[in-house]
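The structure under discussion appears below in the form of structure tokens.
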Amino acid sequence: MSRIGKLPVNLPAGVEVKVDGNNLVTVKGPKGELSEQISKLIKINNVDGVITTTRDGDDKVSRAQHGLARTLINNMVVGVTEGYKKKLQLIGVGYKAEKKGATLVMNLGYSHQVIMEDPEEILTEVPTPTEIIVSGINKAVVGNYAANVRRWRKPEPYKGKGIRYEGEVVRRKEGKTGKK
């Protein structure tokens, strides 16, 4: 039995979950609505505000889908109640970011500014010029957008410059040494 798949998902107050015949799970909460198509190999039961997932077979594919289905449902429930945030730090001389309407404008050492439009379900904030906060209700979309921002300047190992996640540790390398 899947250790993650057999755990129940408790629904907080104000959250509704609907499952249709094709295993399309729709979760409504105070922050919005999310829906996800779950594999037909998994049975989803909603009883008294507790969601459980079960599988019919014990083959490799159903075992893999069991834990995945439970995690996707739990991520949707957390998303519509609390939401998700990713914090990015800009480290380097002259690296800075600012918010202009729905666009994120960054100076990252290139000859031009990097301009990124916020997607529909994403909100970006710039509390300080060297910090970016990406937030939203869909965990995958928030993580993907944060990764796209980070992709412009990944942290490099010699000076540590670049865009990194908050708390990320960048292993530093020693530079070249001259001849003696």
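We did not get these values from a lab; they are worked out from the coordinates using the rules stated. These numbers come from a predicted model, not from an experiment. All Cβ positions, glycine included, derive from the backbone under ideal geometry; neighbour counts span all protein chains shown.
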>> Distance between the C-alpha centers of the range 1-29 and the range 127-180? Whole Å please.
In response: 34
>> Could you give each residue of the range 61-68 its phi-based ³J(HN,Hα) in whole Hz, using Karplus coefficients 6.51, -1.76, 1.60 with θ = phi - 60°, and x for Gly or Pro?
In response: 5, 5, 5, 5, 6, 4, x, 4
> From the square roots a ≥ b ≥ c of the eigenvalues of the alpha-carbon gyration tensor of the range 47-180, which class results: rounded (a/c under 1.5), prolate (a/b over b/c), or oblate?
Replying inline: oblate
> What does the charge add up to near Leu11, with Lys and Arg as +1, Asp and Glu as -1, over the other residues with Cβ less than 13 Å from its Cβ?
Replying inline: 0
>> Order 136-147, 56-67 from most to least packed using the mean count of other Cβ atoms within 10 Å.
In response: 136-147, 56-67
> Residue-wise, which Karplus ³J(HN,Hα) couplings in Hz belong to the range 47-57, taking 6.51 cos²θ - 1.76 cosθ + 1.60, θ = phi - 60°, and x for glycine or proline?
Replying inline: 10, 6, x, 10, 9, 10, 10, 9, 10, 7, x
